[in-house]
1. Would you work out if region A:7-53 is rounded, prolate or oblate? Take a ≥ b ≥ c from the square roots of the eigenvalues of the alpha-carbon gyration tensor; rounded if a/c is under 1.5, else prolate when a/b is larger than b/c, oblate otherwise.
2. Return the residues of region B:760-787 for which accessible area with all protein chains present is lower than in the chain on its own by 40 Å² or more; set the probe to 1.4 Å and exclude ligands, DNA and RNA.
3. What does the C-alpha gyration tensor say about the overall shape of region B:319-457? Classify as rounded when a/c is under 1.5, otherwise prolate if a/b is larger than b/c, or oblate.
4. What length, rounded to one decimal in nm, is gained on full extension from B:VAL354 through to B:ASN9, with 0.36 nm per residue of separation minus their alpha-carbon distance?
5. So if R0 is 41 Å, what FRET efficiency would B:GLU591 and B:GLU245 give, r being the distance between their Cβ atoms, rounded to the nearest 0.05?
6. Modelling each spin label as a point 7 Å along the Cα-to-Cβ direction, I'd like the B:LEU25/A:SER232 distance in nm, to one decimal.
7. Using a 1.4 Å probe on the protein heavy atoms, what percent of the accessible area of the protein assembly as shown belongs to carbon and sulfur?
8. Compute the Kirkwood hydrodynamic radius of region B:424-477, taking the inverse of the mean of 1/r over all pairs of distinct Cα atoms, and give it in Å to one decimal.
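The values are calculated or read from the model by the stated rules, or taken from the named source; none is laboratory data. Computed from a predicted model, the values in this text were never measured in an experiment. Neighbour counts run over all protein chains shown; Cβ positions are idealised from the backbone, glycine included. The protein model used for the area step is the full one, side chains on, heavy atoms only, and it has no ligands, DNA or RNA in it. Shrake-Rupley method; radii C 1.70, N 1.55, O 1.52, S 1.80 Å.
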Amino acid sequence: MIPAAFEYKRAGSAEEAINLIGQYGDEAKFLAGGHSLIPLMKLRLAQPTMLVDIGRVKDLSYIKDAGDHIAIGALTRHMDVEKSPVLSQHVPLLAHAAGYVGDAQVRHRGTIGGSIAHADPAGDIPATTLALGATYVVQGPNGKREIAAKDFYKGFLESALAADEMLVEIKVPKMNGAGWSFQKFNRRAVDWAIVGVAAWRNNGASGVALVNMGSTPVLASAVSSALAKGASVADAAAHAADDAEPQADLNASVEYRTHLAKVLVRRALEQASK
Amino acid sequence: MSITQERTNSIIGQRMLRREDPALLTGEAKFTNDLVIPGALHLAVLRSPYAHARIKSIDVTDALTMPGVIAIYTGKDLHATWAAPMPCAWPVTPDMKNPAHFPLALDKVCYVGDGVAAVLANSETESRDALDAIDVAYEPLQAVTDLEVALSDKTIIHEAIGTNKSYTWNLKVEATEGAVDEAFKNAAFTVSERYIQQRLIPMAMEPRAVVAVPQPFGGDITLYSATQVPHILKVMTAITLGIPEHQLRVVAPAVGGGFGSKLDVYAEELLCVALSRKHGAPVRWVEERTENTQSTIHGRGQIQNIELAADKDGKLTAVRVRLIGDMGAYLQLVTPGVPLLGAFLYAGVYDLPVAYDFSCTSVFTTMTPTDAYRGAGRPEATYAIEVAMDALARKMKIDPYELRKRNYIKKEQFPYTAFSGLTYDSGDHLAAAEKAMGHADYAAVRKKQATQNVAGARKRLGIGMTSYFEMCGLAPSRVLASLNYGAGGWESATVRVLPTSKVQVVTGTSPHGQGHETSWAMIAAEKLGVAPEDIDVLHSDTAIAPLGLDTYGSRSLAVGGVAIAGACDKVIDKARLIAAHQLECAAEDLEFAQGTFSVKGSHDKAVPLAAIAFAAFTAHNLPDGVEPNLEAQYTHDPKNFSWPFGAHICIVEIDTETGKVDVLKYIAVDDCGIQINPLIVEGQVHGGVVQGLAQALYEEAVYDTDGNLKTTNLAEYLVPAACDVPPITTDFTVTPSPTNQLGVKGVGEAGTIGAASTVMNAVIDALSGLGVTKLDMPASPNNVWKAIQAAQGGK
Ligand SMILES: Cc1cc2nc3c(=O)[nH]c(=O)nc-3n(C[C@H](O)[C@H](O)[C@H](O)COP(=O)(O)OP(=O)(O)OC[C@H]3O[C@@H](n4cnc5c(N)ncnc54)[C@H](O)[C@@H]3O)c2cc1C
């Protein structure tokens, strides 16, 4: 478990980090909490030759009430998201989901920005922010731009981020009292989801996203449109996998995964409807 | 005074904290990889990415130019170094096929992880980097991962032996010829079941690590290794490398678990010694976790066919077993013997007439070699008989506990001579089961189950049990001889009372997490009347403890602990002569208690052991013929195996929508005879139960059809963590073993032996109402769901 040789530079600010990444090009990578990147490097599945450490860019670690949404700095640790009173009040689904990321050690190190930038379909945070209709603020050499969560995930571990762009903020709309549920199904307590569901419901509106049901986090639009048309929870849940392309792995066949998605979406909607 | 009697002020039986733990828990304990040896070269092993392939060429030119690289060797380069192939100490039959196996492959690789080349470099990172620069051309061949396909010999793995079959071993015992067939013909009930013991990865917390340190002059060499078997390793390394045994010293520093996976002689141990001699420099190697999953032995790997015959009351009349054992690519140290360790136990704890037919055929595959893994053969046997007993109960439509009660060997029948000729020392299965049933509140659970498991219920309740017998305490040397094992089963101990009356206990056992230092000190303290903290336990270094056969097979206490008691007796006998001399009385007139010799009937005439130790040291006034110093060595060769037993019960609830099994309660009632330290006993039961439960619900070494291992890290190979483990109720009955002076039996494997079948019986009990009567391990949510679907679809 020894990574290939690499160089390391610590950035003091977003600008400095983006600058450094620009200098070193394709072979460079941002290092945030390191809890996705370092394991890949140890297996030599990733072999960046330069790591730009953004872990100490302190001014990107915050959770702020910004009126209609909550603004979260990309370097905010999962533990701070989980324990945030602001999020508990306005976006309880996200605070709750963050509590399901790995174990306490992982949550103290891993960052919300790293989770999203890593674009792992099995991650809890990408799907949760997708269900919530979040917007990601990214910064490059030419300034900032915003990408809607639904436009961000392009493929397995692939996102709309350019190589020299850094994710700096996550804007999450307030839930305004919506019912919600986070269902994570796994074999061991501390594991990635075999299938996960993040869902909320507010009158006719709803958002449902699936963890580990394809090469990207999946927005279960068919479920929301069925609900909007007045379908029952059970009937809407039958559409859970309509937008998904699940893969088989050691823990689940395609058939089982599809079945699980339906069961978990139904359970999530039942809970969110209470 | 016999230790098995009730005593006051007894040290044996106290819940003493483990003296090993402060160093382990604070990170101060020194493991092999913590040894800093200046000037050491680092070994890295290039491993085959193919399950089965011919090596066409190996090009090391580029790798040799990498920074820090000192040398690179292929199997051919080192071939002349080996005096013999890697050892297999258990040729179970005279015609057993054992393909020559060397530390690095020669022309062919036979599993993913097979060693192909060895890099020596100045640092660990440089050795690892150089691996990527070695260019090997392979000609891939067909992988063989299915045991039955392997037996067909369609693809031969080892051309030199011309077959994939290693051996067939039979144990047929019949009162009269044809008794087994006759019993099946006349049976009122029969069951015929097929079970798969999936491959398991032992996954010790500390992977393997080796450091070989040559002395500058004279050829002596010290081999440090994360091993369970320093003594066996010393003998085997000397033989395999053709180096004089007296020049080899083997040390096992702190070892972080083994479960059998470090009961072996491995390629890297031999490579480190050979290369350190070649280069005149220390050579070290540390295993990576992924390497550990591929290149350290796996466990289990059997297809079991078991048939039971019973009369109209369910009384067993015959047992027939056909096994196929997965040896993996090569035979490691005791690989072929593992199924034999279970061969005598397929009738479990039941009073079976002499009608028993066991046959095991073992076969090579292109997967990691298997070998002994916690329980070795006995969890497999227990699983087969106990799951089959539930199948029989279902067939007879009677309660599975009732069926067991009709078949238990009764307390009065002990010592019990079994169909196999083995004698079960002592036991009381009904008492253990009754105790477990009490904890479970069996009748109440059955009642709740009847109301809960109605048609359409989302959550179904199940309760399962196992009564087990464990043949352990390996082993009487003569019995091992009859099984063709290549060594004895004795254990040695030396007890030395120092001039200041502190005590050294030297043991040939080699702990790697079991707490021997604590327990062995308690035994010597009890025997000698010395405080445990005044006793040091020395072990795991062949220069300090030259005689020993190490730690495996729940043998350490039942053989090694008893050896310590025997050595203490010899010390006391000698001290008695000196005491009698000092007190001017006959030795027979002295009694020894609480560390003091006193004249029977006149207790003011007394002398403490401490004074005798000093007298033995000064030797100023010893009786004629008594040598100075107070020390004795004793070797214990057990008369019999020891036979721990117990009853386990598990209660599960299954979510039929997702297939997830939730273990609500686990009850383990074990009987390991006299307990030296109940705290340690409970710890062993907990760990063992978790490992058995892990086989039932979580763990499986998964290979694809190309022979690639898919579970190469702890995210893929699901070792349950603390939060995944249900509350475990432990309780005990105490039936002393009559075959050793401590009355002990051993508890290292008990939990593992009882747990897998207990959990699976509970799972099937929950689902049988849905038509699921058969389920392979692990009962993962996917597998459970699939079985429910299949059963429901079939309706
Ligand atoms: C044992 C373990 C268990 C885990 N379990 C879970 C789980 O159950 N659920 C779950 O969701 N996750 C889990 N994780 C992953 C965890 O959430 C990670 O922390 C997270 O996925 C990545 O965040 P990070 O800050 O560690 O990112 P890093 O590992 O530092 O980076 C990940 C990737 O994102 C890039 N990156 C990081 N930050 C930025 C940024 N601001 N802008 C642009 N690119 C960036 C990096 O260059 C890298 O490519 C687990 C991890 C471990 C080690």
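1. Note, shape of region A:7-53 comes out oblate.
2. SASA drop of 40 Å² or more in region B:760-787: B:PRO781, B:ASN782, B:TRP785.
3. Oblate, because a/c is 1.5 or more while a/b does not exceed b/c.
4. Stretched fully, the B:VAL354-B:ASN9 segment lengthens by 119.5 nm.
5. It comes out at approximately 0.40.
6. It works out to 5.6 nm between the two label points.
7. C and S atoms contribute 52 percent here.
8. 14.1
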